[in-house]
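Working notes, structure below.
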Amino acid sequence: MIPERVRKGPVIIAGPCSAESEEQVLATAIALQKEGRTDLFRAGVWKPRTRPGSFEGAGEEALPWLNSVQEHTGLKVAIEIANPEHAEKALKAGIRYFWIGARTVVSPFSVQEIANALGGIDVAVMVKNPVNPDINLWIGALERLNKSGITRLAAIHRGFSHFESAPLRNKPIWELPITLKRLIPELPVFTDPSHICGATNFIREIAQKALDLEMNGLMIETHINPAVALTDAKQQITPSELSNLLTSLSIRSSCGHASFDNTLRQWRELIDEKDDELLNTLSSRFAAINEIGKLKKENNVTILQLERWKNIVDSRMQDAEKFGINPTFMKRLLNLIHEESIRIQEQILNNENKI
Ligand code: PEP
Ligand code: MN
C-alpha cells in the first residue's frame, strides 16, 4: 500500500489537514522529511466541511504545490478524493495515493464512481471508516475499489460520529478495525488519532492503543504552524512534536501471527471498552431515572408503576432471548437495575420531605 520503505514499524502518514499554500505544504513536508519518520505525506485539497461557509480547501490550485512536495522531498503525497472529477484532476497532476473520507464512504454510489474513475490505474487507496459504525459499508467500499482492479488498499479507523458530548471528537470503536483485520488479514489497517481526538491532548494515548492492538500505521495531522491552520487547528501538531510523539510510543514486537498473548490482549481490550460502554449506559439510564423521580415528586405520582415495570420486563426478556442472553441472568440484572431505580426515586422523595 505504502511507498517502498526500509524502516520497520508502523506506517506513518503525516501532513496538514488542508493544503493552504505552496509555502505551507513545502515547509511542513521539508520538516517532516528531515525528521525522517514519514512514509506518506497527506494534505486535503477538497475539504468536506460539515457546515457550509468555511474554508473548503484550495482545490485544483493546490495540486501543483503537492507536486513540488513530491519533487523537493521525494515524499509521495496522498489526498482525499470525493468524486470522479477530483480523481481525474489529481491523476493528471501526478498524484497516485488517495483516501476516501468518512463522509463519502457512507455513499456506495459515490464510492463506485470513484472506483470507476481509478479503475485500471496503478494507485493506492485508503478507505476511512464511514461516519456510522457499519462494518459492511466499510468493507463494501473496499470491495468496490478492489473489483475495479485496485489491489493496493488500506483502511483507516478515524472514529465514529456521536450525539452526546464527549472528550473525543469521533468515538473510536476498536471492535470494527479488529474485525476488519480478522476478516481481511492481508489488509493494512491504520488509525487516525487526529480525527478521533479532535484536539492534541489524547493523540498519544490513542496512537499507543492503536499500536497495542496491532494496527499497521498512523495518520497524524501535522502542520508547520498549527495555530494558524485554516482547518482542524486544534488537532494538528508540528513535525517536531510528531517525532517526539512517535519516539514516546512503545512499539511492541509482534510475532506476525495471532499468538495466544496477542489474541487474548485484543479480546481484553474489547472487554475494557465494552465495560466502559456499559457504565456509560448505566449512568445515563440512572440520570433519566433521576429526572423521572423529580417529575413524579412534582406531580405527586407513586414511584412504583406496576404496569410499566411489567412491560419493561416482558420486552427486555424477549430482547434478551433474541441476543442469546441467559434468561435467569437477565431477570436478575433487571431486578437489580429496578431496585436501584426505586432507591434513587425514594431518595428524591425523602430529600424533599426533609426540606
Ligand atoms: C481528513 O482526513 O482531513 C478528513 C476530512 O477526514 P475524515 O473523512 O476522517 O473526517
Ligand atoms: Mn482534518
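Brief remarks follow.
- Single residue of Glu273, Glu269 found to be in contact (Cβ under 8 Å) with a residue 24 or more places away in the chain, touching a Lys or Arg at 6+ places or on another chain (Cβ under 9 Å) and not assigned by TED's automatic domain parsing to the domain that holds Ala210: Glu269
- Apart from one condition, Arg204 fits all of (1) touching a Phe, Trp or Tyr at 6+ places or on another chain (Cβ under 8 Å); (2) surrounded by fewer than 21 Cβ atoms within 10 Å (Cβ to Cβ); (3) not acidic (Asp, Glu); the exception is (1).
- Subset of the stretch 70-84 (residues that are in contact (Cβ under 8 Å) with a residue 24 or more places away in the chain and either more than 27 Å from the chain's Cα centre (by Cα) or over 23 Å from Thr28 (Cβ atoms) (or both)): Gln70, His72, Thr73, Gly74, Asn83, Pro84
- Residues within the stretch 272-282 that are open to solvent by less than 70 Å² (accessible area, probe 1.4 Å) and either modelled with pLDDT of 95 or more or of a type in the set (A, V, I, L, M) (or both), tallied: 1
- Conditions (1) modelled with pLDDT under 95; (2) touching a helix residue (DSSP H, G or I) at 6+ places or on another chain (Cβ under 9 Å); (3) assigned to a helix (DSSP H, G or I): number failed by Thr302: (3)
- On the stretch given as the stretch 143-168, residues that are open to solvent by less than 30 Å² (accessible area, probe 1.4 Å), over 20 Å from Ile2 (Cα atoms) and more than 16 Å from ligand 2 (Cβ to nearest atom) total 0.
- Those residues of the stretch 1-33 which are outside any loop (DSSP other than H, G, I, E, B) and either surrounded by fewer than 13 Cβ atoms within 10 Å (Cβ to Cβ) or under 23 Å from the mean Cα position of the chain (by Cα) (or both), in sequence order: Val11, Ile12, Ile13, Ala14, Gly15, Ser18, Glu23
- Residue check for Ile30: closer than 23 Å to Asn216 by Cβ and in contact (Cβ under 8 Å) with a residue 24 or more places away in the chain: no
- Matching helices (runs of 4 or more DSSP H) fully within the stretch 189-274 where at least 3 residues are within 14 Å of ligand 1 (Cβ to nearest atom): 193-197
- Within the stretch 328-342, being touching a residue at least 12 places away in the same chain (Cβ under 8 Å) and open to solvent by 60 Å² or more (accessible area, probe 1.4 Å) holds for one residue alone: Lys331.
- Per-region count, the stretch 57-93, residues assigned to a loop (DSSP other than H, G, I, E, B), surrounded by fewer than 16 Cβ atoms within 10 Å (Cβ to Cβ) and not small (Gly, Ala, Ser): 1
- Matching residues in the stretch 169-191 - criterion: being open to solvent by 40 Å² or more (accessible area, probe 1.4 Å), within 16 Å of the chain's Cα centre (by Cα) and more than 15 Å from Trp138 (Cα to Cα): Arg169, Lys171
- Across the stretch 292-311, the number of residues qualifying as among the hydrophobic types (A, V, I, L, M, F, W, C) and open to solvent by 80 Å² or more (accessible area, probe 1.4 Å) comes to 3.
- Checking Gly44 against (1) out of contact with any strand residue (DSSP E or B) (no Cβ under 7 Å at 6 or more places or on another chain); (2) in contact (Cβ under 8 Å) with a residue 40 or more places away in the chain; (3) farther than 15 Å from Leu218 by Cα, the condition it does not meet: (1)
- Complete set of residues in the stretch 234-271 that are at pLDDT below 90 and open to solvent by 100 Å² or more (accessible area, probe 1.4 Å): Ile251, Arg252, Ser253, His257, Phe260, Asp261, Trp267, Arg268
The values are calculated or read from the model by the stated rules, or taken from the named source; none is laboratory data. Remember, predicted model here, so these are calculated numbers, not experimental data. When we count neighbours, we look across all protein chains shown, and the Cβ atoms used for this are built from the backbone with ideal geometry, even at glycine. Protein only, heavy atoms only, side chains kept; ligands, DNA and RNA dropped before computing areas. Shrake-Rupley method; radii C 1.70, N 1.55, O 1.52, S 1.80 Å.
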